[in-house]
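Asks: Sharing a structure, written as structure tokens. Questions coming.
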Amino acid sequence: MSHRRFAVWLVLLSFTAIVLVTPLSGSASRSIVVTTAAELDAALSPGAGDLTIFMQRGTYLLDHAIQVPDNTALIGEGTMLYDGEGLPTGFAPEGRTVIAAIPGVTGNFVTLGDGASLQGLVIQDVVRPALTGGSVVVVLSRNPGDSVSAQVAECEIINPNPVTGPGLTGAVGRGLMARTVNGVGGAAPHEQSQLSVHLTQSIIRSPGFGDGIFAINNASGSHIELHLRRNVVGKLGANGGVSRQDSTVGATMLIQSIGNLYRADNPAPTSIGWQLNGGSDAPMLAPVIAGETLNNKLSIHSIDDQIEGFGRAIVATAGMRMSAAAGVISSNEMELILEGTRVVSTVSDFQLFGARNLLGTANGNELRVTMHNVVGSGPRTNTYGDAASNLGIGNRLIITGNLNAFSRTNEAILPMPGEQFFTAGR
């Protein structure tokens with residue numbers, strides 16, 4: 001690339017950055033250009049905040065994880081292409097800017113700080129053993145009361161690893177993960193922490209049976225927000241509050257999903273498009289016992305999304321017990337609002353329950369559902385219930401309105417929920 005052409009690109013890219021990625025704490029005060037992995041490492045040094053890093057096109061090979069510091073924007077030369085519906089399809093070949101993991105990386109590959117952003121980049125993980133694995137792009141709480149807000153715009157995230165048991169640093173096999181952290185190594189849980197993630201016009205590919213997006217609260221009183229707009233991703237997994245060795249009480253999560261395509265990277269009867277829980281315990285290895293899971297809530301509002309190719313499209317539960325030995329699982333909530341959502345599954349469109357108890361009981365958990373102008377797949381094995389196993393008391397599935405209105409405002413959802421689940425029948 002000539003010096004003149006690179007200078008022109010830098011000016012244009014600076015303008016694009018203003019349009020697509022708005023700095024979360026004011027305009028960046030400095031900018032630099034990097035052309036090698038070594039220069040990228042140097043630019044990402046701790047304390048380099050209020051910085052915009054422009055990456056020249058090419059592939060940057062890294063054998064270690066990286067952290068994008070607070071208030072740092074990382075911008076590549078990539079030009080995203082779009083289909084006729086305005087959804088991203090991938091980058092034009094001539095401008096691809098790739099941050100690629102190679103053997104040697106352990107744990108999460110790219111961690112975003114508060115006010116950090118990514119744009120115009122391919123972030124590509126490498127196949128790794130489960131023990132040293134992690135997720136590709138992550139936003140994590142760092143201490144109690146922490147606040148982290150990050151943005152990803154016009155990026156492609158490639159996640160080749162499957163979901164497995166936790167690795168050395170936590171969840172494995174997720175393309176984008178947001179998590180408030182339970183105490184690690186005896187440290188205090190990150191209670192009262194807040195995370196916010198904006199994902200816009202991006203693609204997450206998970207060819208190795210991993211999840212596209214995963215969000216989870218492991219700390220009491222914490223809050224996560226996901227704002228997802230015009231993306232193409234795989235599975236969405238979210239849990240409003242999960243107890244591990246410490247109880248998780250009063251955690252909340254809000255997901256706003258608008259105009260996204262959730263498609264199965266690996267179509268199979270057992271695949272799930274959205275796996276959603278208001279609260280649950282985590283399976284723990286003896287002698288560790290999970291604490292209480294109380295008063296947690298997950299809310300998701302979907303507008304004009306498409307969920308296609310999965311065996312089971314939406315599996316939603318307010319409260320779930322994984323272990324009989326875990327503490328009380330009670331009074332967790334989930335709210336599911338679907339407007340204009342299009343669902344195409346091979347086995348079931350909806351599995352909706354107030355509670356699921358694999359072992360033992362869960363009590364007083366409530367799933368509330370509102371659907372307008374939703375189009376389903378036709379006859380499928382949809383299932384609905386207050387509690388999947390009829391164990392526990394006070395668990396409820398509540399659907400807004402009445403069966404007649406539901407049948408008139410939604411299409412091809414068969415079987416429909418029973419009349420007893422609607423507010424008019426309660």
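The values are calculated or read from the model by the stated rules, or taken from the named source; none is laboratory data. These numbers come from a predicted model, not from an experiment. Glycine also receives a Cβ, built like all others from the backbone with ideal geometry; neighbour counts cover every protein chain displayed. Ligands, DNA and RNA are stripped out before the accessible areas are found, and what is left, the full protein with its side chains, is counted by its heavy atoms. Shrake-Rupley method; radii C 1.70, N 1.55, O 1.52, S 1.80 Å.
Asks: May I ask which residue of Ile303, Val328, Ile398 lies farthest towards the positive end of the charge dipole of the range 273-402, with charges of +1 (Lys, Arg) and -1 (Asp, Glu) on Cβ and the Cα centre as origin?
Replies: Val328
Asks: What size of dipole, in debye to the nearest 20, comes out for the range 224-291 about its Cα centre when the only charges are +1 on Lys and Arg C-beta atoms and -1 on Asp and Glu C-beta atoms?
Replies: Working: 5 positive and 4 negative charges, 61 e Å.
Rounded to the nearest 20 debye, it is 300 debye.
Asks: Follow-up question, since we're still on this one. Take every Cα pair under 8 Å in the range 280-404 that's 6+ residues apart, average their separations, divide by the length, and report that relative contact order as a whole percent. Don't skip to the end; give the middle numbers.
Replies: Details: 345 pairs, mean separation 32.3, N = 125.
Answer for the range 280-404 is 26 percent.
Asks: Would you compute, from DSSP H runs of 4+ residues alone, the mean residue ellipticity of the chain at 222 nm, taking -39500 (n - 2.57) per run and dividing by the full residue count, rounded to the nearest 500?
Replies: Counting only the DSSP helices, I get -2500 deg cm²/dmol.
Asks: Angle, helix 3-20 long axis vs. longest principal axis of the chain, Cα atoms, 0 to 90°, nearest 10?
Replies: Approximately 30 degrees, to the nearest ten.
Asks: What ³J(HN,Hα) values, in whole Hz, does the Karplus curve 6.51 cos²θ - 1.76 cosθ + 1.60 give for the range 240-250 when θ = phi - 60°, with x put for Gly and Pro?
Replies: So the J values, rounded to whole Hz, are x, x, 10, 8, 10, 5, 9, 5, 10, 10, x.
Asks: To the nearest 20 debye, what is the magnitude of the charge dipole of the chain about its Cα centre, counting +1 on the Cβ of each Lys and Arg and -1 on the Cβ of each Asp and Glu? Show your work: numbers first, answer last.
Replies: Working: 25 positive and 32 negative charges, 73 e Å.
Magnitude of the dipole: close to 360 debye.
Asks: How are the Cα pair distances of the range 246-367 distributed, in percent, across 5 Å bins from 0?
Replies: Pair shares across the bins are 3, 12, 19, 19, 17, 15, 11, 4, 1, 0.
Asks: Show me the ranking of peptides 330-341, 415-426 by mean Cβ neighbours inside 10 Å, starting with the highest.
Replies: Working: 330-341: 22.4, 415-426: 14.7.
Answer by packing, highest mean first, reads 330-341, 415-426.
Asks: Rounded to the nearest 5, what % of DSSP beta bridges with both residues in the range 141-201 are antiparallel?
Replies: Values: 2 of 9 bridges.
That works out to approximately 20 percent antiparallel.
Asks: Give the long-range amide H neighbours of Thr106: residues separated by 5 or more places, or on another chain, with amide H under 5 Å away, using H modelled in the peptide plane at 1.01 Å from N.
Replies: Counting only residues 5 or more places away or on other chains, the set is Ala65.
Asks: Follow-up question, since we're still on this one. Kindly state, to the nearest 0.05, the FRET efficiency for Glu419 paired with Ala187, given R0 = 45 Å and r defined as their beta-carbon distance.
Replies: E(calc), rounded to 0.05, equals 0.35.
Asks: Shape verdict for the range 296-417, please, from the Cα gyration tensor: rounded (a/c under 1.5), prolate (a/b greater than b/c) or oblate.
Replies: Working: a/c = 2.04, a/b = 1.78, b/c = 1.15.
Prolate.
Asks: How large is the direction-averaged shadow of the alpha-carbon convex hull of the range 31-138, in nm²? Write out the running numbers ahead of the final one.
Replies: Working: hull surface 29.4 nm².
Computing the convex hull of the Cα atoms and averaging its projections yields 7.3 nm².
Asks: Please report the antiparallel percentage of the DSSP beta bridges confined to the range 118-261, to the nearest 5. Working shown, then result.
Replies: Numbers: 2 of 47 bridges.
Given both bridge residues lie in the range 118-261, the antiparallel proportion sits at roughly 5 percent.
Asks: Compute the signed sum of charges (Lys and Arg +1, Asp and Glu -1) over the other residues within less than 11 Å, Cβ to Cβ, of Leu62. Could you put the intermediate results ahead of the total?
Replies: Numbers: positive: none; negative: Asp41, Asp63, Asp125.
Residues close to Leu62 contribute a combined charge of -3.
Asks: Please give the contour-minus-distance gain from Ile102 to Tyr82: 0.36 nm per residue of separation, less the Cα-Cα distance, rounded to one decimal in nm.
Replies: Numbers: separation 20, 0.36 × 20 = 7.20 nm, distance 2.91 nm.
Here the answer is 4.3 nm.
Asks: Please work out whether the range 62-114 counts as rounded, prolate or oblate from its C-alpha gyration tensor, where a ≥ b ≥ c are the square roots of the eigenvalues and a/c under 1.5 means rounded, while otherwise a/b larger than b/c means prolate and anything else oblate? If you can, show how the numbers build up before the last one.
Replies: Working: a/c = 2.41, a/b = 1.71, b/c = 1.41.
Prolate, because a/c is 1.5 or more and a/b exceeds b/c.
Asks: Run a plain Debye calculation on the chain (Cα atoms as equal point scatterers, no solvent) and give log10 I(q)/I(0) at q = 0.09, 0.11, 0.13 Å⁻¹, rounded to two decimals, same order as the q list.
Replies: Here log10 of I(q) over I(0) equals -0.55, -0.81, -1.10.
Asks: Determine, for each peptide in 313-320, 169-176, 197-204, the mean count of other beta carbons within 10 angstrom over its residues, then list the peptides with the highest first. Please report the intermediate quantities before stating the final value.
Replies: Details: 313-320: 27.9, 169-176: 25.5, 197-204: 23.6.
So the order, starting with the most tightly packed, is 313-320, 169-176, 197-204.
Asks: Heads up, I need the accessible area for Tyr82: 1.4 angstrom probe, whole protein in place, Å², nearest 10.
Replies: 80 Å²
Asks: If you don't mind, there's one more thing I want to ask. Please sort 111-119, 252-260, 127-135 by packing, taking for each peptide the average over its residues of neighbouring beta carbons within 10 angstrom, highest first.
Replies: Values: 111-119: 23.6, 252-260: 21.0, 127-135: 19.4.
Put in order of decreasing packing, that is 111-119, 252-260, 127-135.
Asks: What does the charge count near Gly78 come to, summing +1 for each Lys or Arg and -1 for each Asp or Glu among other residues with Cβ under 10 Å from its Cβ? Display every interim value, and only then the final one.
Replies: Working: positive: Arg57, Arg96; negative: Glu77, Glu94, Glu154, Glu156.
Here the charged neighbours net out to -2.
Asks: Looking only at the chain, where both bridge partners belong to it, what percent of the DSSP beta bridges are antiparallel (to the nearest 5)?
Replies: Working: 5 of 145 bridges.
Just about 5 percent of them are antiparallel.
Asks: Between Ala178 and residues 5 or more places away or on another chain, which pairs have amide H atoms under 5 Å apart, with H built 1.01 Å from N, and which residues are they?
Replies: Val139, Phe214, Ala215, Ile216
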